[in-house]
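The values are calculated or read from the model by the stated rules, or taken from the named source; none is laboratory data. Keep in mind that what you see is a predicted model, and the values were worked out from it rather than measured. In this analysis, Cβ positions are derived from the backbone assuming ideal geometry, glycine residues included, and neighbour counts consider all displayed protein chains. When the accessible area is computed, the model is the full protein with side chains, heavy atoms only, and any ligands, DNA or RNA have been set aside. Shrake-Rupley method; radii C 1.70, N 1.55, O 1.52, S 1.80 Å.
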Amino acid sequence: MGVSRRNLLISAGVASLQSSALSPVSAATTAPALPAKSDFQVGKFETCLNNARWHPISIGATRAVQQYLDYKATGGGNAADYGGDLQRKVKAQFAELIHARPAEISFVPSTTVGENLIASALDLPRRGGNIVTDALHFEGSLYQYGELARQGLDVRIVRPRNWRIELNDLDKVIDSKTKLVALSLVSMINGFQYDLKAVCELAHSRGALVYADAVQAIGAVPFDVRANNIDFCACSSYKWLMGDMGLGFLYVREDLLPGLQRSQYGFRQLASMQYHAFPYDPPGDAVMDWSPSPDAGGHFEVGTVSNTTIAALSYSLNYIKQIGIENIQAHRQPFLRTLQKELPALGFEPMTPTNSTSPIVTFVKKDMKETAARLKRANVDVAVYPHRVRISPSVYNDQADIDKLLEALR
């Protein structure tokens, strides 16, 4: 093929894309000021106070995804393994966020998959004993344990009192036969947040392990796996980590890994492998020899992961770090206090403990049809259920957003 000006321009464009892919988009060097309205486009379309459903992606994360897609559009060529580099970076970023080691982190498709993997790794229900959970846990998790109960597992579900799970009530049902205490660190129902360290101390004193669904916590409230001595936790990335669906994280305390069984197998678990069946392979009796990795990924990762979500997280995890989790938590507290004060006078019964510092506040009302209609007319987005409303502000929200919500409900 002859060299033309057009061909040279195309080649230059591809080289530029590959070059840019080697330097992923980074968050700003200074911490964003809150409210960070200019970092998100969502405010142009609606007043969004529904971040516990799925968090709008930031402008910076959108650019990071586009940069990865530009890399994929070129076919890769001679560029480095951009996807693999991002995966290693993001796993390290997440580990730092929760005070873990990268070896304790596995990619999983979702929070629910992570919780299922832990039940399988503990060989439940075949091992017997019992599982303790509560009524404020995620509905998919309650379904999971309900099905295990049908297989013969003793499942004990603690009900809330005053819209919280009391440690004394857990104490009554956790015994020497309890294999796992499974809970939502922050409940998606009403934002109730456990004293996780106290739960772990109680469970460990009886020989039980603790799993926390942390999808409504990580990125929104301070979370330290070492300080709490948690055994397992999982979260998806599309909520407070400001990523997207299809990818999450599973944390497993490193000293527990040798005692867990692998319930699924795939190429991502391999630390090394060698064929003995093809031309120029070294001789061997087997078709292939292999060695699995002893880390969390070696136990639980199976196949490919969502690199577009990885790209978004490479930006958003750094963005969250720069703001600081404590600052994110402090930013929303005046909004939540205002809602706790004002909404009861408008006929909404509080369902969230008044001292809660989680990102969710929920109220109960018998009929939400009129509420839903008013919010729709005002273009205010919150989670409306048949008998309750859930509000969850984030880093880009301000008092004007709260005022707009209240005005719509008056």
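Hey, got the dipole for region 295-410? About the Cα centre, +1 on K and R Cβ, -1 on D and E Cβ, debye to the nearest 20?
It works out to roughly 500 debye.
From the phi angles alone, apply the Karplus equation (6.51, -1.76, 1.60; θ = phi - 60°) to region 392-404 and give each ³J(HN,Hα) in whole Hz, x where the residue is Gly or Pro.
8, x, 9, 5, 9, 7, 9, 5, 4, 5, 5, 4, 5
Leaving out ligands and nucleic acids, note down the accessible area per residue over the chain with a 1.4 angstrom probe, in whole Å².
For the chain, the per-residue accessible area is 46 Å².
Using just the helices of the chain, give the 222 nm mean residue ellipticity in deg cm²/dmol: DSSP H runs with n ≥ 4 each add -39,500 (n - 2.57), and the total is spread over all residues, rounded to 500.
The helix-only estimate for the chain comes to -11500 deg cm²/dmol at 222 nm.
For a label point 7 angstrom out from the Cα of V287 toward its Cβ, which stretches of region 225-264 have the backbone nitrogen within less than 20 Å?
Backbone N within reach: 264.
Taking every pair of alpha-carbon atoms in region 234-273, give the share separated by more than 14 Å as a whole percent.
66
Which value, in Å² and to the nearest 10, is the accessible area of H55 when all protein chains are kept and the probe is 1.4 Å?
About 0 Å², ignoring ligands and nucleic acids.
Starting from the Cα gyration tensor of region 130-187, multiply each eigenvalue by 5, take the square root, and state the resulting semi-axes largest first in whole Å.
18, 15, 8
Please report, to two decimal places, log10 I(q)/I(0) for region 188-285 at q = 0.16, 0.19, 0.22 Å⁻¹ as given by the Debye formula with identical point scatterers on the Cα atoms and no solvent.
Each listed q maps to, in turn, -0.83, -1.05, -1.25.
Kirkwood hydrodynamic radius, the chain, all distinct C-alpha pairs: what's the number in Å?
One decimal place: 23.2 Å for the Kirkwood radius.
Between Q274 and A400, what length in nm is gained on full extension when 0.36 nm per residue of separation is reduced by their alpha carbon distance?
The span from Q274 to A400 would gain 39.2 nm if fully extended.
Just to verify a number: what accessible area does R53 come out at with the full protein assembly present, 1.4 Å probe, Å² rounded to tens?
80
Of the listed pairs K44/K404; K341/K366; K37/K404; K197/K321, which have alpha-carbon separations greater than 18 Å here?
Violating the 18 Å Cα-Cα cut-off are K341/K366; K197/K321.
How many percent of the accessible area of the chain is carbon or sulfur, using a 1.4 Å probe?
53
Apply 1/(1 + (r/R0)^6) to the Cβ-Cβ distance of D367 and A330, taking R0 = 30 Å, and write down the FRET efficiency to the nearest 0.05.
0.30
Any idea which of Y396, P344, Y385 is furthest toward the positive side of the dipole for region 315-410, if Lys and Arg beta-carbons carry +1 and Asp and Glu beta-carbons -1?
Positive-most Cα among the choices belongs to Y385.
Looking at V113, S141, Y82, which one has the Cα that reaches farthest to the positive end of the dipole of region 43-158 (charges on Cβ: Lys, Arg +1; Asp, Glu -1)?
After comparing all options, I get Y82.
Evaluate the Kirkwood expression for the hydrodynamic radius of region 248-313, namely the inverse of the mean inverse distance over all pairs of different C-alpha atoms, and round to one decimal in Å.
So the Kirkwood estimate lands at 14.0 Å.
How many nm separate the modelled label positions at E139 and A227, each set 7 Å beyond the Cα in the direction of the Cβ?
Reported label-point gap for E139 and A227 is 3.3 nm.
Suppose R0 equals 45 Å. What FRET efficiency, 1/(1 + (r/R0)^6) with r the Cβ-Cβ distance, do E342 and D154 give to the nearest 0.05?
E(calc), rounded to 0.05, equals 0.50.
What does the convex hull of the Cα atoms of region 94-226 come to per residue, in Å³, rounded to a whole number?
Spread over its residues, the Cα hull of region 94-226 gives 108 Å³ apiece.
When Rg is the radius of gyration of the Cα atoms in region 292-349 and Rh is its Kirkwood radius, what does Rg/Rh come to?
Using only Cα positions, Rg/Rh for region 292-349 is 1.29.
Whole-Å semi-axes of region 228-360's equivalent ellipsoid, largest first, each the root of 5 times a Cα gyration tensor eigenvalue?
47, 17, 13
State the answer as a single residue: which of L317, A208, W163 lies farthest towards the positive end of the charge dipole of the chain, with beta carbon charges of +1 for Lys and Arg and -1 for Asp and Glu, about the Cα centre.
Positive-end residue among those listed: W163.
Return one quarter of the surface area of the convex hull spanned by the alpha-carbon atoms of region 333-410, equal to its mean projected area, in nm².
That works out to 4.6 nm², a quarter of the Cα hull's surface.
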